[in-house]
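Let me begin by presenting the structure, written as structure tokens, before commenting on it.
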Amino acid sequence: MATIKARKQRKRAFNAPLHVRRKMMSAHLASKYLDQEKTVYPRAVPVRKGDTVWISRGDDKGKEGKVATVDYRVGFVTIEGITHAKADGKQVAKKIHPSNLIITKLDTSDPRRLVRIGAGGKEE
């Protein structure tokens, strides 16, 4: 962002259009993607349904699962198998911010995504 004022940064993030929010919902890639010589992957990639992620912070640190939903309006991701109990005892999906995730396996079903992130047609 162009400003260093936290108040303005929060305002721009909360009022951002969805195509900008998608980029803000990026998570770092696992080291296996970045350790290769002449790596073709960027450090962080927008999270997408179907990616396998590892939780790096919070109560569920160390758990791994597939991304079930990505909510650009709220700015959170839900992961299969990661739930928490409500006051009435129901188990609901836990919302996790993408900055607390590390993508361990990219969903490569869309070849345009690989081109978009700069990996070309390279498969792992």
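The values are calculated or read from the model by the stated rules, or taken from the named source; none is laboratory data. Nothing here was measured: the structure is a model prediction, and the numbers come from that model. As a convention, Cβ positions derive from the backbone with ideal geometry for all residues, glycine included, and neighbour counts pool all protein chains shown.
Could you tell me which numbered condition residue 78 fails, if it satisfies all but one of (1) more than 13 Å from the chain's Cα centre (by Cα); (2) under 28 Å from residue 9 (Cα atoms); (3) not aromatic (Phe, Trp, Tyr)?
(1)
Please name all residue pairs, on different chains or six or more residues apart, with Cβ atoms under 6 Å, provided the first residue is in the stretch 1-26 and is under 13 Å from residue 76 (Cα atoms) and the second residue is surrounded by fewer than 10 Cβ atoms within 10 Å (Cβ to Cβ).
Taking only residues 6 or more apart or on different chains, not a single pair turns up.
Can you name the residue in the stretch 28-61 that is among the small types (Gly, Ala, Ser) and over 15 Å from residue 97 (Cα atoms) and, of all such residues, is modelled with the lowest pLDDT?
31
Per-residue answers, yes or no, for (1) farther than 20 Å from residue 111 by Cα; (2) in a strand (DSSP E or B):
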site: 21; (1), (2): yes, no
site: 40; (1), (2): no, no
site: 49; (1), (2): no, no
site: 53; (1), (2): no, yes
site: 60; (1), (2): yes, no
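Considering the stretch 27-38 alone, what residues qualify as being crowded, with 17+ Cβ neighbours inside 10 Å and either on the phi > 0 side of the Ramachandran plot or in a loop (DSSP other than H, G, I, E, B) (or both)?
Listed by number, the list holds a single entry, 30.
Which residue is farthest from the chain's Cα centre (by Cα), if the candidates are limited to the stretch 11-26 and must be surrounded by 11 or more Cβ atoms within 10 Å (Cβ to Cβ) and not aliphatic (A, V, I, L, M)?
Top of the filtered list is 11.
Working carefully through the options 74, 45, find the one that is surrounded by 13 or more Cβ atoms within 10 Å (Cβ to Cβ) and in contact with a strand residue (DSSP E or B) (Cβ under 9 Å, 6 or more places away or on another chain).
Criteria check complete, one pass: 45.
Would you say residue 82 is surrounded by 16 or more Cβ atoms within 10 Å (Cβ to Cβ), in contact (Cβ under 8 Å) with a residue 12 or more places away in the chain, in contact with an Asp or Glu (Cβ under 7 Å, 6 or more places away or on another chain) and farther than 12 Å from residue 106 by Cβ?
yes
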